[in-house]
Amino acid sequence: MQYEWVEGSQFSSKQYDPNVVASYLVEHHIDTAEKFVTDAEKRSSPLHSFIDWNDTTAAQEYRFVQARKVIRSLRVIYTKPNGKNYSVKAFTHLPSQHAYMHVVRLKSSSVLRDEAIKEALLDVQAFVRRFEQYKELVRIGHHAQVQITKLLKKKKKVA
């Protein structure tokens, strides 16, 4: 079996051979983050260099992970005219802005809204790649891609 890194991955340099890493994970039954870190603690492990062993920088990076998790977990509750509540994500990450944008800000800016829609299209494309072995999911993903693309084209005609 041949392996490759996900496109755009920080590991996609020639420094890390995906075949060595994936084969090692399979052969050693490393199927959780905990097992990965435990094995990587050994300097002789091919996984060792993937972990930041400097406790100061690793702790800071983990704080960023925790902060992102909190931001991604927030939802805004709206009430429909019929009195029923529904919720949406409070913040959406826009890589071009290097930030999470609040839903109100996205709604008030056509530029940011378009960027969010383009990110949604990228997410659907990633979904299709992730589940390409399941034809029924791929069909759903392709349908979503068509609809999002139509939405983007419609926005361009209006502008």
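Quick look at the numbers
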| item | result |
| --- | --- |
| Within straight-line cross-link reach of LYS42, aspartates and glutamates at Cα separation under 15 Å, skipping those fewer than 8 residues along the same chain | GLU34, ASP52 |
| Amide H contacts of HIS93 (H built 1.01 Å from N, under 5 Å, at least 5 apart or other chain) | MET101 |
| Sites SER44 and PHE11, calculated FRET efficiency, Cβ-Cβ separation with R0 25 Å, nearest 0.05 | 0.80 |
| Spatial extent of the stretch 93-159: Rg and Dmax, with the Cα atoms as the point set, Å | 13.5, 39 |
| For TRP53, TRP5, order by how many other beta-carbon atoms lie within 10 Å, fewest first | TRP53, TRP5 |
| Within the stretch 51-159, trypsin sites (Lys or Arg not before Pro) in DSSP loop having at most 11 other beta-carbon neighbours inside 10 Å | LYS84 |
| The stretch 57-124-the stretch 29-46 distance, computed between alpha-carbon centres (Å) | 33 Å |
| Simple spin-label estimate for LEU137 and GLU34 in nanometres, 7 Å along Cα-Cβ | 2.5 nm |
| Table column - 3J(HN,Hα) (Hz), the stretch 40-57, Karplus curve with 6.51, -1.76, 1.60, x for Gly and Pro | 5, 4, 6, 4, 7, 6, x, 8, 3, 6, 7, 10, 7, 8, 7, 4, 5, 5 |
| Separation in nanometres of the label points that stand 7 Å from Cα toward Cβ, at ILE71 and SER96 | 1.8 nm |
| Nearest 10 degrees, 0 to 90: helix 18-27 Cα axis against the chain principal axis | 70 degrees |
| Mean residue ellipticity (222 nm) of the chain, computed from DSSP H runs ≥ 4 via -39,500 (n - 2.57), nearest 500 | -18000 deg cm²/dmol |
| The chain: Cα Rg divided by the 2.2 N^0.38 Å rule of thumb | 1.36 |
| More than 16 angstrom apart: percent of Cα pairs within the stretch 57-138 | 66 percent |
| Partner lysines for LYS150 [C-alpha distance under 20 Å; skip if fewer than 8 residues away on the same chain] | LYS107, LYS118 |
| Least to most buried among MET101, MET1 (fewest other Cβ within 10 Å first) | MET1, MET101 |
| Angle in degrees between helix 110-130 and the longest Cα principal axis of the chain, rounded to the nearest 10 | 50 degrees |
| Label-point separation in nm, GLN2 to ASP52, each point 7 Å along Cα→Cβ | 3.4 nm |
| Gain upon complete extension [VAL26, GLU119; 0.36 nm per residue less C-alpha separation] | 30.2 nm |
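Each value in this text was obtained by applying a stated rule to the coordinates, not by laboratory testing. Predicted model only: the values in this text are computed from it and were never measured. In this analysis, Cβ positions are derived from the backbone assuming ideal geometry, glycine residues included, and neighbour counts consider all displayed protein chains.
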